[in-house]
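Just so it is clear, none of the values below were taken in a lab; they were calculated from the coordinates. Since the structure is predicted, the reported quantities are computational estimates derived from the model, not experimental observations. Note: ideal-geometry Cβ built from the backbone for every residue, glycine included; neighbour counts use all protein chains shown.
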Amino acid sequence: MRHQVEKALQDLGFTGYEAATYLALVLRHPATGYELSKSSGVPQAKVYETLPRLVERGAVVGLGGDPVKYVPIPPRQLIKKLRESFEHAAQEVETGLARLRNNEFPKCALNFMAPQIIPQVREMLGRARREAVMLAPSGLLNSLEKEVRELQARGVTVRVSACPSGLKAGFAGSLTGAVTPFPETGPVQHLLLLVDDREVLMGQDPLQTSAAAVWTENPAVVELIRELAGLEPGYHHGTEPRAEIREVSVETPAETGSSFGFDFFAPGITMRARLN
């Protein structure tokens, strides 16, 4: 048990000597450096190096005297201090990384094969804070029911484009008003997931063994996909889509100008949009 506690303290940022010294002091206090060396197994010279660091950490307190004796702060209080310190550091890192990312134009794209796609979808849904928009096969959506319900419980807007007849009855009912139906022209074989207007995953049905997908946070690609796939914020049932995904026969508005098209995969999703 003692070894496990020392290891746990090291996981929280203590050195091996700091963990052993603090634990020895918890078990017997007050104690001098000499006494701690005997009870902890830490060399005496290292104990005298370690104790000032523990005092600086706020983990132990020196009582004065000659020789100085030390007492530990109560373990519950120490854990509270460590938790607060960790959360503060994590917030600083998160804020700093977000600023760095905003200053750098993200150009990377990650490729995923079939076994990796669904875990990536789940990770993206777990990161959603405002909105998750999905074009997906009904079978995939059914496997994500738990994640979708958790998003709804957290107040995240969930919008789905799918063939409603393929969704489980109870699940489809929970998505009332959030499903944009596709004509029953055959199973949807592609996946588009847009999260918080910030990251996008696009590819083939991950339930197919040969499926592939691409993920990116590149803002130019995210905006392009959102607009071409009719995934603009505010797009709801009854709104005309702005792009044709041929495999599921979504109609393109009639009043159009010139057109262009592009392929993400070969074979794969083919989208052709007509822009005003």
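In what order do Ile225, Ile117 fall by count of nearby beta-carbon atoms within 10 Å, going from fewest to most?
Ile225, Ile117
For region 2-73, I need the span (max minus min coordinate) of the C-alpha atoms along each principal axis, in Å, sorted largest to smallest.
So the three principal-axis extents are 33, 23, 20 Å.
Which of the pairs Lys7/Lys81; Lys7/Lys46; Lys38/Lys81; Lys7/Lys80; Lys38/Lys80; Lys46/Lys80 have their Cα atoms more than 25 Å apart in this structure?
Beyond 25 Å between Cα atoms: Lys38/Lys81; Lys38/Lys80; Lys46/Lys80.
With the crude spin-label approximation of a point 7 Å out along Cα→Cβ, what separation in nm comes out for Thr32 versus Met113?
Going by the 7 Å Cα→Cβ label model, 6.6 nm.
Gln91 to Glu223: FRET efficiency via 1/(1 + (r/R0)^6), r the Cβ-Cβ distance, R0 35 Å, to the nearest 0.05?
Efficiency computed from Cβ-Cβ geometry: 0.75.
List the residues, sorted by chain then number, that are 5 or more residues from Leu191 or on another chain and whose placed amide H is less than 5 Å from its amide H.
Correct list: Gly203, Gln204, Asp205.
In terms of modelled amide H atoms, which long-range or inter-chain residues lie less than 5 Å from the amide H of Val61?
Those lying under 5 Å, H to H, from Val61 are Val71, Ile73.
Which whole-Hz couplings ³J(HN,Hα) result when phi for each residue of region 64-70 is put into the Karplus expression 6.51 cos²θ - 1.76 cosθ + 1.60, θ = phi - 60°, listed in order with x for Gly and Pro?
In residue order, the calculated couplings are x, x, 9, x, 5, 10, 10 Hz.
By count of other Cβ within 10 Å, fewest leading, how are Phe14, Phe171 ordered?
The order, fewest Cβ neighbours first, is Phe171, Phe14.
From the C-alpha coordinates alone, can you work out the Kirkwood hydrodynamic radius of region 66-163, in Å?
For region 66-163, inverting the mean 1/r across all distinct Cα pairs yields 17.8 Å.
Based on the Cβ-Cβ distance from Arg127 to Tyr48, what FRET efficiency comes out when R0 is 45 Å, to the nearest 0.05?
Efficiency at R0 = 45 Å is approximately 0.45.
With no solvent and one point per C-alpha, what does the Debye sum give as log10 I(q)/I(0) for region 119-161 at q = 0.13, 0.17, 0.23, 0.32 Å⁻¹?
Here the Debye-derived log intensity ratios amount to -0.22, -0.39, -0.73, -1.38.
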